[in-house]
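A quick write-up on the structure given underneath.
The values are calculated or read from the model by the stated rules, or taken from the named source; none is laboratory data. Here the structure is a predicted model, which means the values were calculated and not measured. Every residue, glycine among them, receives a Cβ derived from its backbone with ideal geometry; neighbour counts consider all protein chains shown. The protein model used for the area step is the full one, side chains on, heavy atoms only, and it has no ligands, DNA or RNA in it. Shrake-Rupley method; radii C 1.70, N 1.55, O 1.52, S 1.80 Å.
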Amino acid sequence: MGKHIGCCRFVFNKLLHIKKTLYDKFRASIPEFELNNHLLVLKEIYPWLKEVNSQSLQQASKNLNSAYNHFFNDDSGFPKKKSKKNPLQSFQIPQNYRIEGKKIWIPKIGWIKIKLHRDIMQGKMKTATISKTSTGKYYISIIVENDLEYPEKQEFSHATMIGVDVGSITFATLSTGEKIDHPKFLKSSLKRLKCLQKRVSKKMIGSKNRRKALKHLSRIHELISNQRNDFQHKVSKKLISENQAVAVETLNIKGMMSNHCRAQSTGDSAWYSFVLKLQYKAEWLGKSVLKINQWLPSSKKCNVCGYKHPNLNESIREWQCPDCKTNHDRDINAAINIKNFALAEREVGLGDSLTKVKGMNQEATML
């Protein structure tokens with residue numbers, strides 16, 4: 001499996017170099033079919049490429065072509081070379097593998113014992129991805145194509161939805177007044193991380209002791225990541241199961257990470273992955289996730305009378321509205337406003353769509 005990972009990485013980087021060189025010098029683009037022909041040339045130059053599954057190498061070529069399409073069509077970043085130092089290494093098997101009991105047969109590798117985390121769904125098994133973590137663990141994920149469809153979106157109202165305000169002090173504050181404490185897994189493990197990082201830095205590069213120290217360091221990082229994912233899965237499942245819709249605020253994560261004073265706490269919060277978990281769980285259950293603009297004054301606006309605080313900085317956690325004399329907790333007030341803003345934007349959107357439908361009907365009548 002390590003040989004498959006290395007060969008797929010090598011092919012990806014070689015084909016990326018070919019595509020980039022031809023475009024820079026001749027402004028020529030190579031389609032995927034011609035890239036696969038280059039694979040035959042690479043196999044003649046590097047005979048050890050024949051020792052791995054040929055379809056996995058073709059999949060590497062397909063992934064490169066897909067990355068180029070995303071770069072030109074979706075404003076994604078330019079494809080980068082794959083590195084040995086990436087914490088997660090993987091390769092794909094498009095077909096010709098099979099599972100029997102607690103074993104899987106992989107082309108060019110043979111039968112391997114596996115631990116099934118859950119039963120495979122009924123349907124046609126498509127691409128299988130085998131990945132290796134930095135701690136030396138191997139995982140396989142299989143895409144299964146079936147005829148199941150997502151359930152229809154359920155209707156919701158002000159009473160059946162909730163607003164969520166995320167933060168670095170409190171992980172999430174709900175419009176009901178409930179606060180979910182921030183576990184801060186990274187912060188609680190910093191002392192141990194610094195100790196292990198010092199051990200790695202003192203070891204000779206390329207030595208066995210350095211590899212052992214790196215593995216100990218990787219285990220701590222993997223533990224932090226698993227703790228964070230487990231926590232977010234539990235919170236997101238609770239929010240989606242108990243409400244018909246969840247309203248969240250769109251955050252500029254990239255801008256927050258550029259601030260060196262807040263980068264560590266922002267990375268430890270992992271708000272982007274939390275919202276992703278909310279979205280796909282909502283699709284599974286027919287619920288809705290509403291996003292509001294990041295520039296709306298969710299914290300500064302009084303949710304009772306609409307007064308806007310002129311100078312509300314982050315150090316102010318509670319404030320009193322001078323118009324209606326209501327005492328506000330900053331986070332709870334923001335969560336309520338996020339809920340109200342999301343409902344208002346949805347009503348405006350529905351109104352615009354109804355206006356368009358009426359206009360189309362009038363034009364059809366006139367014709």
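A few remarks follow.
- Scanning segment 241-263 for residues that are over 18 Å from the mean Cα position of the chain (by Cα) and of a type outside the set (Gly, Ala, Ser), we see that the one that is least open to solvent (accessible area, probe 1.4 Å) is VAL246.
- Among the criteria (1) farther than 18 Å from THR176 by Cα; (2) in contact (Cβ under 8 Å) with a residue 60 or more places away in the chain; (3) open to solvent by less than 50 Å² (accessible area, probe 1.4 Å), the one VAL275 does not fulfil is (2).
- GLY77 vs. criteria at pLDDT below 90, open to solvent by less than 70 Å² (accessible area, probe 1.4 Å) and over 29 Å from PHE274 (Cβ atoms): no
- Elements of type strands (runs of 3 or more DSSP E) in segment 1-120, at least 2 residues being over 29 Å from the mean Cα position of the chain (by Cα): 103-106, 110-113
- Taking the listed residues ILE114, ILE93, ILE106, the one that is among the aliphatic types (A, V, I, L, M), loosely packed, with under 15 Cβ neighbours inside 10 Å, closer than 19 Å to MET125 by Cα and in contact with a strand residue (DSSP E or B) (Cβ under 7 Å, 6 or more places away or on another chain) is ILE114, with no other qualifying.
- In segment 6-34, the residues that are touching a residue at least 24 places away in the same chain (Cβ under 8 Å) form Cβ pairs under 8 Å with partners that are open to solvent by less than 20 Å² (accessible area, probe 1.4 Å) and polar (S, T, N, Q), at six or more places apart or across chains, as follows: CYS7/SER56; CYS8/SER56; VAL11/SER61; PHE12/SER61; LEU15/SER61; GLU32/SER61.
- Screening the candidates ARG199, ARG211 for the property of being open to solvent by 20 Å² or more (accessible area, probe 1.4 Å), more than 24 Å from the chain's Cα centre (by Cα) and modelled with pLDDT under 95 yields one hit, ARG211.
- Residues in segment 139-164 that are in contact with a Lys or Arg (Cβ under 6 Å, 6 or more places away or on another chain), exposed (fewer than 13 other Cβ atoms within 10 Å of the Cβ) and over 27 Å from SER90 (Cβ atoms): none.
- Members of segment 317-350 found to be loosely packed, with under 12 Cβ neighbours inside 10 Å, within 32 Å of the chain's Cα centre (by Cα) and touching a residue at least 12 places away in the same chain (Cβ under 8 Å), listed by number: ARG317
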